[in-house]
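Accompanying notes for the structure given below.
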There are 2 protein chains.
Amino acid sequence: MSNAAVRRNGKTSETTQRRARAAAPPAHGATVAFIVESLREDIWAGRLEPGSRLVESDLTARFAVSRGPVRESLRRLSADGLIEHRPHRGAVVRRLTEREIRELFLIRIEMEALAARLAAVAEAPERRARFAASIEPIHSDSPRNPCDYLKENAAFHDAVMALADNLELRDLAIRLQLPLIMAQVGDVLTPPVLEASVREHRAIAEAISARNPEAASARMREHLERAAAVALAARAAGASDEGASASIQTILGGKRR
Amino acid sequence: MSNAAVRRNGKTSETTQRRARAAAPPAHGATVAFIVESLREDIWAGRLEPGSRLVESDLTARFAVSRGPVRESLRRLSADGLIEHRPHRGAVVRRLTEREIRELFLIRIEMEALAARLAAVAEAPERRARFAASIEPIHSDSPRNPCDYLKENAAFHDAVMALADNLELRDLAIRLQLPLIMAQVGDVLTPPVLEASVREHRAIAEAISARNPEAASARMREHLERAAAVALAARAAGASDEGASASIQTILGGKRR
DNA sequence: GTAGGACGATTGTAGGACAATATCAGAGGC
DNA sequence: GCCTCTGATATTGTCCTACAATCGTCCTAC
């Protein structure tokens, strides 16, 4: 399309290459991974809002690849639950329903409680050292903005997973849409909320360092139960937005072409 | 699909169409789903052993479709963890390592314990009725062969999930490779093992019917801890099988094709 | 006997074509 | 005036062909 043609028949017009992503286009065999990562970041960062359509032809243009890799990428994102795929209607960035958020948190609580327990009883010294290093930022007392916090939060939970050393579990955690939820929550992260969350992180880290599995798991549970409440509140707020002034958003920007 | 060719240029050897699956080839848009299901069943049933290669060109021949849908199907199976995809080397049916089995069971225990708890507190009468109906078979006293048992087992666990009414959880359970594990375990299902398992199912069902979440969850845990031990034993046996005395079990009954 | 290179098998990607389906807008009927 | 049916349009689903990249293997040369 548009430039597929350009790229080829031209002498690979340099212009085309300088497109969308500044990042170097990947080597053969890495195309799909590259597209998936690009889109995933766009979604997590909110650059692609829930409900945004992902049209194959647009993506072939944006990434200057053929439909094959694009379709493959979409399929993969769909498998991860980041987008929804409706037959003959294309893919859209998934918007979690309240029910889905509730269900996902119920699951996440169990998974992360397990991870905290495993982390607390982990012995491997070098993993414990890596853990300590990874969570360093949570001990900072400087105030955080929501974006900083989201990164710190993701890093913290991933560090726990890493220490727990259960590859399948870590893998599953990614599928549990925490980044998606977080991206859809953003607004509610007021300073008091952030501070409370950071304190909870410290308490969890402490229990893990103290090799106390029960405390680690219990504190993780509390932490996530609170997080679930925040997320649901955020969604409710967002929902009312859509309820009342659906018109505006839909018409203005959002919906489809 | 069996008809792509037919559909398009009229004659296209009927022979080609009469291949592998007798099942009716699907309508437009269902091709991928059809292939995925076919392969999934083959894997679950053991017709495709772990390690079997899945070569695209073979599959295009078998299903009489082009590479597009085949590749998409493989991707989907890969996302489900049923096959492994090595760059430029193709896909093979996944063989779980001992570590993976251990990790997956750790996770499954938490998930299903949660499901049992949720099921026990579920109120919806019609779902409870459906649950009771679905698990009916576990009350039979007639002896079971391993194949019957596997079906009954799958139905039982799925019934609990259904009663728990957490769609995400149910979805995740499928991704947790229980069928894969079961398929790779088959051989160790001796009558005493089966009977013990059935008894445990009854105990769980009883706790759920009695609306006792703690008991339901605890019994589910015990059940799966025992199952994990069986699975690990089976894998160990299987491993030695391949090494030294493949003979006995394999020849007697068990293995697959 | 090992290092290196040629070859074959298979996957990764491109590009073009057409069929099938969903969406939307306008024509016609009530 | 509102509803329904129909056609136009946009997009996806699938096929096909071709070529580049890569992995494995076998074969040769030293």
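We did not get these values from a lab; they are worked out from the coordinates using the rules stated. In this text, all values refer to a predicted model and were calculated from it rather than measured experimentally. Note that each Cβ is placed from the backbone with ideal geometry, even for glycine, and that neighbours are counted across all protein chains shown.
Which order do the peptides B:77-90, A:196-209 take when ranked by the mean count of other beta-carbon atoms within 10 Å per residue, highest first?
Details: B:77-90: 15.7, A:196-209: 19.6.
In decreasing order of mean packing, B:77-90, A:196-209 become A:196-209, B:77-90.
Measuring from centroid to centroid over Cα atoms, what is the spacing of the range B:60-132 and the range A:54-104 in Å?
Taking the Cα centre of each part, the range B:60-132 and the range A:54-104 sit 20 Å apart.
What is the gain in length, in nm to one decimal, between B:Arg211 and B:Ala124 on full extension, counting 0.36 nm per residue of separation less the C-alpha to C-alpha distance?
Separation in residues times 0.36 nm, less the Cα-Cα distance, equals 30.1 nm.
Would you mind giving the mean number of other chain beta-carbons within 10 Å of the Cβ of each residue in B:93-101, as a whole number?
Per residue, the number of nearby Cβ atoms from other chains is 1 on average.
Please average, across the residues of B:79-90, the number of beta carbons from any other chain that are within 10 Å of each residue's own beta carbon, and give a whole number.
Taking all residues of B:79-90 together, the mean is 1.
Kindly write out, for the range A:36-53 in residue order, the coupling ³J(HN,Hα) from the Karplus curve 6.51 cos²θ - 1.76 cosθ + 1.60 (θ = phi - 60°), rounded to whole Hz, with x marking Gly and Pro.
After applying 6.51 cos²θ - 1.76 cosθ + 1.60, I find 4, 5, 4, 5, 4, 5, 4, 6, 4, 7, x, 5, 10, 7, x, x, 4, 7 Hz.
Under the rule of at least 5 residues apart or a separate chain, name every residue whose amide H is placed under 5 Å from the amide H of B:Gly90.
none
When only Cα pairs under 8 Å and 6 or more residues apart are kept, what is the percent relative contact order across the range A:34-129?
27
What does the highest-first list of A:155-166, A:128-139 look like by mean Cβ count within 10 Å? Numbers along the way, then the final one.
Values: A:155-166: 21.6, A:128-139: 15.0.
By packing density, highest mean first, the sequence is A:155-166, A:128-139.
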